[in-house]
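Below is one structure, written out as structure tokens; the observations come after it.
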Amino acid sequence: MSTALSSGFEMKESVLLGKSYPNESRWWRKFGAMVLFSIVLSFFFCPRCSIFSEDYLVTLAYNLFYTNGLWLANDYPNRWLNRKSDWTQQPLRRFLITLAGSLVASLLVITLVNVGFMVGYHHGKLSSIRWENFVFPLLITVVVSLFMHSRSFLLSWRNVAIRAERMEKESAVARLDSLRRQVDPHFLFNSLNALTSLVEEDPTRAVRFIRQLSQVYRYVLDSQDHEVVTLAEELRFAEAYLYLQRTRLGNSLEVELALPPTDDLENFMVPPLALQLLLENAIKHNAALQNQPLHIRISLDEASHQLVVRNTLRPRRVAPEESTGLGLKNLEARYGFLTQQPVLVEKTEQEFIVTLPVLELV
């Protein structure tokens with residue numbers, strides 16, 4: 001029986017080495033610590049035993065199976081639960097599940113060790129196993145388990161705090177980058193040039209142009225303190241932004257909106273200026289000509305909660321001072337803190353396609 005227990009232990013150990021402990025050196029350090037602890041503990045339980053005596057070796061074998069078995073029975077399920085359940089979502093439920101699982105797994109290990117030694121070494125009967133044999137190992141397990149789970153809980157909360165701090169930093173950088181792009185001299189210069197022409201040719205359109213320009217900058221200032229805005233708000237801003245670009249580019253720019261009614265968009269959320277970034281990139285990095293207009297299509301897939309922006313791919317050279325190359329990276333970073341769904345970027349021979357996840361308001 002002791003041979004069977006040893007084989008089972010080795011098989012379980014190999015599984016853990018292959019799947020749950022990718023850092024093999026760390027696993028061996030833990031295993032070494034358990035062995036050292038077992039040796040010291042054996043001297044405590046058998047203080048007058050010689051190190052090579054049978055009593056000491058049996059005591060050491062008991063402790064080795066107990067410490068390593070209980071370690072594996074508690075550590076591996078805890079790692080598995082960390083992947084399946086977050087401490088920060090339902091801490092009390094997670095604590096009860098981990099404690100119950102720990103007690104069941106520990107009791108199973110203690111039973112196997114006692115049965116294995118009673119039958120395999122002492123050649124006794126199962127009825128001779130006393131309940132006292134379970135109390136001390138189980139008590140030690142509860143203490144160690146509570147320590148491990150408390151440590152896991154605190155580490156989880158620390159990760160959440162770090163994540164929140166990083167999210168705030170990334171959002172601030174992205175907002176500043178979006179604000180910088182909007183007040184960029186090239187954007188303002190092009191807008192003022194278009195406005196100058198309108199004032200001379202069509203004062204009525206010039207007034208509307210000024211209002212749309214004001215709306216663009218008002219939205220930038222109002223949204224910089226928000227992590228998300230409704231998709232309806234973002235689209236209203238995008239329409240104002242596109243009006244300015246259509247006025248400047250004329251028939252060289254074609255925009256298609258394949259979207260549900262505005263009321264349906266109030267339940268969806270996106271990071272502010274996300275859509276504007278994609279529109280700006282499309283206009284900035286692609287040629288727009290009267291005979292070959294730049295076509296942009298904005299559509300929403302309500303079933304998959306995805307906003308798709310695609311534009312014809314006709315690359316043109318952009319001066320280094322006009323583009324930092326950080327826009328999409330900042331957008332991906334902001335989405336990374338809001339949802340696990342990624343921002344998808346696809347480039348074909350004819351089109352450049354970006355798919356943004358939309359968050360549903362519940």
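The values are calculated or read from the model by the stated rules, or taken from the named source; none is laboratory data. Since we're looking at a predicted model, the values are computed, not measured. All Cβ positions, glycine included, derive from the backbone under ideal geometry; neighbour counts span all protein chains shown. Remember, those area values only see protein heavy atoms, side chains included, never the ligands or the DNA or RNA. Shrake-Rupley method; radii C 1.70, N 1.55, O 1.52, S 1.80 Å.
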Original post:
Can we say residue 197 is within 18 Å of the chain's Cα centre (by Cα) and either modelled with pLDDT of 75 or more or farther than 17 Å from residue 271 by Cα (or both)?
Top reply: no
Original post:
Mind checking which residues of the range 276-300 are within 24 Å of the chain's Cα centre (by Cα) and modelled with pLDDT under 90?
Top reply: 277
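Each row is one residue, and each column tells you yes or no for (1) over 26 Å from residue 293 (Cβ atoms); (2) loosely packed, with under 15 Cβ neighbours inside 10 Å; (3) in contact with a Gly (Cβ under 9 Å, 6 or more places away or on another chain).
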site: 208; (1), (2), (3): no, yes, no
site: 211; (1), (2), (3): no, yes, no
site: 218; (1), (2), (3): yes, yes, no
site: 224; (1), (2), (3): yes, no, no
site: 228; (1), (2), (3): yes, no, no
site: 256; (1), (2), (3): no, yes, no
site: 265; (1), (2), (3): yes, no, no
Original post:
Looking at the range 341-362, which of its residues are modelled with pLDDT under 85 and not in a strand (DSSP E or B)?
Top reply: 361, 362
**OP:** Please find, within the range 286-304, the residue that is most open to solvent (accessible area, probe 1.4 Å) out of those that are over 12 Å from residue 253 (Cα atoms) and in contact (Cβ under 8 Å) with a residue 40 or more places away in the chain.
**Re:** 302
Subject >> the range 216-256, subset hydroxyl-bearing (Ser, Thr, Tyr) and within 26 Å of the chain's Cα centre (by Cα), residue modelled with the lowest pLDDT >> reply: 223
